[in-house]
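Asks: My questions all concern the structure below.
Just so you know, all these numbers are worked out from the coordinates, no wet-lab data involved. Bear in mind the structure is a predicted one, so any value in this text is a computation, not a measurement. Cβ placement follows ideal geometry from the backbone for every residue including glycine, while neighbour counts extend to all protein chains displayed.
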Amino acid sequence: MEEINALLQGFGVALSPFNLLLMFAGVVLGIIIGVLPGLGGANGVAILLPLTFSMAQQPGGTTSAIILLSCIYWGALFGGAITSILFNIPGEPWSVATTFDGHPLAQKGRAGSALTAAFTSSFFGALVAVIMITFLSPVVAGFALRFGPPEFFSVYLLTFCAFVGMSGGNAAKTVASMMIGFALAAVGLDSVTGTLRLTFGFTSLLKGFDFLIAVIGLFGIGEILETLEEGLAFKGASARINAKVVLETWKELPRYWATSLRSAAVGCFMGIVPGGATPASFMSYGLAQRFSKDGKDFGKGKVEGVVAPETAAHAAGTSALLPMITLGVPGSPTAAVLLGGLLIWGLQPGPLLFVEKPDFVWGLIASMYLGNIAGLIVVLTCVPLFAAILRVPFSIIAPVIIVICAIGAYTVHNSMFDVWLMVVFGVVGYAFKKLRYPLAPMVLALVLGDRAEENFRNAIKGSQGDLLVFFSNGLVGSLTGLALILLFWPLIRALWRGLLRRGSRRAA
Amino acid sequence: MEKEKQRSAASVRAVEIGVAAVVFLFGAVVVFDSHRVGARWGDDGPQAGYFPFYVGLLICLSSAAVLASALRNTALAAESFVSREELKMILTVLVPTVVYVALIAFLGFYVASTIYIAYFMWRLGKYAWVKIAPISIGVSVAFFLIFEIWFAVPLPKGPLEAALGLN
C-alpha cells in the first residue's frame, strides 16, 4: 500500500495548474509531431528538450519538464494511429499493424469507429502498463539497489544483446549500427583518464557527439528524404467523428475484452525488452487473428484488428519507461531521449532515483495516468483538426520541418557545427534506413555509451582485468548468461528446431 | 522518357558495398586511434582506448560480414536502390538544405529560413509569389516570436535583425 500513498503524493505534484497546462500542451504538441512526416516521438522530444533547460532549473521544474516531454511521447503515440488509419501511412514502425484493418475501415466510411477504437484501446493499453509500472517499478528499483558496476554493465549487455538476437533483422547490421553509436559516444575528452579520444585535433569534436543531434538528423532529416521518394501528395480519408459514433464504438468494444487483455499483456512484456513495441503490435495482431472467431475477415476492416495492435503498441511504448526509471536502461528510442533529458537536468536515472527524488518519480508516474486521459480527450475531440495538418502541401510542410530540426539542433549547444552534423546524420539515416540498418540500437548506444563504459571499467578495475567478474555471483552471472542466450537466440532456436526434427524423424 | 526516369541510379548491391566499406573504414579509424591512446591495461586500470578498441574491432568485423554477403549476393545488383527520378528529387531538397545551413552564418536563422521556405514553395510547389511571400515570412516571424520572445532562446541573427535593432 506504500505505492498507493506515494502515488497519491505524485498526483498532488502532477495536479498543479501549471503541470496540467503542460500536460495538455504536451499532448497536443505530441499529436502534431506524431501526425507530421519526419517528426516522431524520438526527434520531437529531442527538438523540444533544449527548451526545458531553463524550466528544469526552477524548484520542482524537473518534474514539470518530464511531464511536458513524456506527454509529448503519449501524444505522438496517439498521433501515429491517425495517419495509419486515415492516410495508410504508419508514422512509426509499430503503427504498421494498425493500417491492416484501420485503413480498410476508413475506406468503408467507418473512419470514426476505427479512430475511436484505436484511441480507446491505446488508452487501455497505456493504462494497464502504467498500473504495472506503479506496482512493479518500486520492486525492480529496490532489487537494483544491490547492483554494482558488473551488474549494471550486464544489464546494458542484456539490452544490447536483446537487440541483436530478438530484432529479427540482419544481425551484422544491428551490431554495426550499435557499435557506431558506442564509438561516437566515446569521441571527445575521456573523463576518467583525461585523454582526448578520436578527436584528431578538431576542437569541435572535444565535446563529443550529442545524441540529440543524432536523433534529430537520423529520424528527422532522414525520414523527410525517404518520404520525398514516395511523392509529395498524401491522399486520405475524411475524419468525421461525432459523439454518436464514439458511443456506438464504445458499446462494441467490450466484446473484444479477451483481445484487449491479451494484447495488453503482450505489450507490457515486450515493452520492457528494447525495441519491443513493433514486434508486440505484430504479435498481438497475429494472436487476435488466430483466436478471433472471424479471423479470416482480418485485413478487410475489422475493429478487432485495430484494437489488438494499438493496445499492444501503447502498452509496450509505456512500459518502455519502466526499465528507464528503475535501471537507467531505456526500452525505446524515445525513452532514450527522455533518459538523456534526465541526465542533462542533473538527475541520475536508476534505482537511487526512487530514494532520492520520490517527488520526481511519482509525479512522473501520476502524470502518466493523467496524460493519457488528457490524450484520449484531446484526440477524440480534435481528430479532424489534426488530420487537416496532413492536408497542408508537402512543399510547405517539408521546409518548415527542416527549419524546426535545424533550430532544435542549434539550440542544444548554441553551435552551428551541430546543425552541419545534423545534415550529415540525416544523409546517414537515409542510407541506413534504405539498407535496413536499424537506427534504434545506434541511438541507445550513443545515449548509454558513457555509462556502459564507465560501469565496464569500474567492474574490471575491481577484478584487476579479469572478465570473469561478469560471472562472479549468481545475480550478475544469470544476467550475463541471459544476455548471451538472447544474443545467440536465432542460432539456439535453429539448433533446437533441428534437434526436434531429428527426434520426430527417429520416433517415426 | 518515362523509362529514362525509372532507370536506376545505383543498385542496392553497389550502395550496400559502398556503405559497408565506409563503415569498415570508420571502424579502422576507431581501432587505430584507440591503439594510439593505449588500449591495454594501465597502472591503475584499463587505458582510455580499451573499450573503444573492441568497439572499433566489432565495427570492422560486422561491416566485413555485410560486405562479404553483399559481394556474394549478385541478385542485389538487379535491385534498384534509388531511381534517377528519386535521386533528382532528393538532391533538389538536399542541396538547398546545405546552402540554407551555410546561409545561416551570414544572414541569421530567420532570413535564411524565409529564403529556404520560399525557394521550396517556388521550386517544388510552383506557387505564385503572392502566396509564397506571406507564408514564408509569416512562418519566420512566428518562429521569431516563439523562440526569441516566448522561450527566450536566442538564435543567430544577421544584418537584417541588426538593421531593425532586434539584437
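Asks: Go through segment B:62-118 and name the GluC sites (Glu not before Pro) that are in a DSSP coil and have 14 or fewer other Cβ atoms within 10 Å of their Cβ.
Replies: B:Glu79
Asks: Give the separation of the Cα centroids, segment A:310-374 to segment A:66-126, in Å.
Replies: Cα centroid to Cα centroid, the span is 22 Å.
Asks: Another one. Where the Cα atoms of segment A:79-155 are projected onto their three principal axes, how long is each span, largest first, in whole Å?
Replies: Between the extreme Cα coordinates on each principal axis of segment A:79-155 lie 56, 23, 15 Å.
Asks: Report, as an integer, the average count of C-beta atoms from other chains found within 10 Å of each Cβ along A:190-198.
Replies: Mean inter-chain Cβ contacts per residue within 10 Å come to 6.
Asks: Given that compact globular proteins tend to follow 2.2 N^0.38 Å, what is the ratio of the alpha-carbon Rg of segment A:1-117 to that value?
Replies: For segment A:1-117, the normalised Cα radius of gyration comes out at 1.26.
Asks: Another question, then. Quick one: pull the percentage of alpha-carbon pairs in segment A:290-335 with a separation above 13 Å.
Replies: Of all Cα-Cα distances in segment A:290-335, 62 percent exceed 13 Å.
Asks: So which lysines pass the test for A:Lys433, namely a Cα distance under 22 Å, with those fewer than 8 places away in the same chain ruled out?
Replies: Result set, ordered by chain and number: A:Lys173, B:Lys88.
Asks: Among B:Ile132, B:Ser11, A:Ala452, pick out the residue whose Cα is farthest towards the positive end of the charge dipole of the protein assembly as shown, where Lys and Arg carry +1 and Asp and Glu carry -1 on C-beta, about the Cα centre.
Replies: Most positive-ward Cα: B:Ser11.
Asks: At 222 nm, what value in deg cm²/dmol follows for the protein assembly as shown if DSSP H runs of at least 4 each add -39500 (n - 2.57) and the sum is divided by all its residues, to the nearest 500?
Replies: -24000 deg cm²/dmol
Asks: Wrap a convex hull around the Cα atoms of chain B, take a quarter of its surface area, and give that in square nanometres.
Replies: Averaged projected area of chain B's Cα convex hull equals 16.7 nm².
Asks: For segment A:33-157, calculate the relative contact order in percent as a whole number, restricting contacts to Cα pairs under 8 Å that are 6 or more residues apart.
Replies: Result for segment A:33-157 is 18 percent.
Asks: Can I ask one more? Beta carbons within 10 angstrom, averaged per residue: use that to sort the peptides B:27-38, B:147-158, highest first.
Replies: Most protected by this proxy first, the peptides run B:27-38, B:147-158.
Asks: Another one. In debye, nearest 20, what is the charge dipole magnitude of segment B:8-82 about its Cα centre with +1 on Lys and Arg Cβ and -1 on Asp and Glu Cβ, if you could check?
Replies: Roughly 200 debye, rounded to the nearest 20.
Asks: Taking K and R as +1 and D and E as -1, what net charge do the other residues with C-beta under 12 Å from the C-beta of A:Ser84 add up to?
Replies: Result for the local shell: -3.
Asks: Taking a cut-off of 20 Å, what percent of all Cα-Cα pairs in segment B:84-164 are separated by more than that?
Replies: Here the long-distance tail beyond 20 Å is 39 percent of all Cα pairs in segment B:84-164.
Asks: In addition: Just grab the label-to-label distance for B:Leu164 and A:Leu495, each label 7 Å out from Cα along the Cβ direction, in nm (one decimal).
Replies: 6.8
Asks: Over all residues in B:109-118, what is the mean tally of Cβ atoms on other chains that come within 10 Å of each residue's Cβ?
Replies: 3
Asks: Give me the percent relative contact order of chain B, please, defined on Cα pairs under 8 angstrom at least 6 residues apart.
Replies: In percent, rounded to a whole number, it is 23.
Asks: Expected output is a single nm value to one decimal: the length gained when fully extending between A:Arg502 and A:Arg255, i.e. 0.36 nm times separation in residues minus the C-alpha distance. What is it?
Replies: Answer, rounded to one decimal: 84.6 nm.
Asks: By average Cβ neighbour count within 10 Å, what is the ranking of A:108-117, A:414-423, A:199-208 from highest down?
Replies: Result, highest mean Cβ count within 10 Å first: A:108-117, A:414-423, A:199-208.
Asks: With N set to the residue count of the protein assembly as shown, report its C-alpha Rg divided by 2.2 N^0.38 Å to two decimal places.
Replies: 0.96
Asks: Would you please give the residues with an amide H less than 5 Å from that of B:Ser11, counting only those at least 5 places away or on a separate chain, with H modeled from the backbone geometry?
Replies: B:Phe81
Asks: OK, next. Within the P(r) computed for segment A:41-89, what percentage of the Cα pairs occupies the region above 17 Å?
Replies: I get 43 percent for the Cα pairs in segment A:41-89 exceeding 17 Å.
Asks: List the pair-distance distribution P(r) of segment B:8-82, using every Cα-Cα distance, as the percent of pairs falling in each 10 Å bin from 0 up to the bin containing the longest distance, rounded to whole percents.
Replies: For segment B:8-82, the pair-distance distribution reads 22, 34, 22, 14, 6, 1.
Asks: Among the lysines, select those whose C-alpha is under 16 Å from the C-alpha of B:Lys126, and discard any that sit fewer than 8 residues away in the same chain.
Replies: Result set, ordered by chain and number: empty.
Asks: Here's something else I'd like to know. Which whole number gives the average count of other chain Cβ atoms within 10 Å of the Cβ atoms across peptide B:17-29?
Replies: Across the residues of B:17-29, the mean count of other-chain Cβ atoms within 10 Å is 3.
Asks: While we're on this one: Applying a 10 Å radius around every beta-carbon, put A:10-18, A:77-85, A:258-266 in order of their mean neighbour count, most first.
Replies: A:77-85, A:258-266, A:10-18
Asks: Further question: Take the Cα atoms of segment A:343-415, build their convex hull, and give its volume per residue in Å³.
Replies: Taking the convex hull of the Cα positions in segment A:343-415, it is 122 Å³ per residue.
Asks: With an 8 Å cut-off on Cα pairs and a minimum separation of 6 or more residues, tell me the relative contact order of chain A in percent.
Replies: Relative contact order for chain A comes out at 29 percent.
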